Amino acid sequence: MCCLGTLPGSCPGFCRWLWAGGGYVGLVRVEDGEINLACAFDRALLRSSGGAAAACRKILAEAGFAPLLASLPGLEAASWQLTAALSRRTRPLAGHRLLLLGDAAGYVEPFTGEGMGWALSSSLAALPLVLRGLERWDGAIETEWRRRHQRWVRRRQVFCRALALVLRHPGISWGLHRLAANAPLITSSMIELLQRPALPCSTD
């Protein structure tokens, strides 16, 4: 993911999220009147376009916002701030007196803030192991944490990972959009599945 810090411009106040093949661009006008851009690019798009600014321009044009480019004259000269990839896995999940939780344990491309829910679920799942480890640490705690993390976090990330892959295909994305418009109950069920809280207890 690449984030553009602040960019002077004369655009009217707005907040937009634009998606096209190879990534997306979000634009928001902040308090001092400047424009902040946050972009997520596939590596292939970055390589083929020759950099973040060119990739951003390509997405804006494909999304039908080519006229907006005239309002962003400083795009190439702006200061781009890089972040880690939107999806990654961390191994190992545990070490001597160490259990990785939340984003430190890995994450998938976010959609609706479910990462915060996964972090809370993993903290609840880790609590009995932490209390046990305060008395005496042993390798079984590390093994048990890997099992708990698989059950309470990683399995729930599968849906988001699959959705991220599907949304990279315009034809399938268009079909899902039509399904959401014509069958809102299905869409509601998918959102509920995505956001349903997981609350581990000490016996799980």
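Descriptive notes on the structure:
- Evaluating Gly95 against the criteria (1) outside the structural domain of Ala119 (by TED's automatic domain parsing); (2) under 30 Å from Arg151 (Cβ atoms) leaves one unmet condition, (1).
- Residue within the range 102-121 that is at pLDDT 85 or above and among the polar types (S, T, N, Q) present: yes
- Test: Pro184 is under 25 Å from Asp42 (Cα atoms), exposed (fewer than 15 other Cβ atoms within 10 Å of the Cβ) and either at pLDDT 75 or above or of a type outside the set (A, V, I, L, M) (or both): no
- Inclusion of Arg136 among residues that are closer than 15 Å to Leu98 by Cα and without any contact (Cβ under 8 Å) to a residue 40 or more places away in the chain is warranted.
- Unmet requirement for Ala85, which otherwise passes all of (1) over 28 Å from Leu46 (Cβ atoms); (2) in contact with a helix residue (DSSP H, G or I) (Cβ under 9 Å, 6 or more places away or on another chain); (3) surrounded by fewer than 18 Cβ atoms within 10 Å (Cβ to Cβ): (1)
- When residues of the range 146-178 are limited to those that are modelled with pLDDT under 80 and over 15 Å from the mean Cα position of the chain (by Cα), the one surrounded by the fewest Cβ atoms within 10 Å (Cβ to Cβ): Gly171
The values are calculated or read from the model by the stated rules, or taken from the named source; none is laboratory data. What you see is a predicted model; the values in this text were computed from it and never measured. Ideal geometry is used to build each Cβ from the backbone, glycine not excepted, and the neighbour counts take in all protein chains shown.
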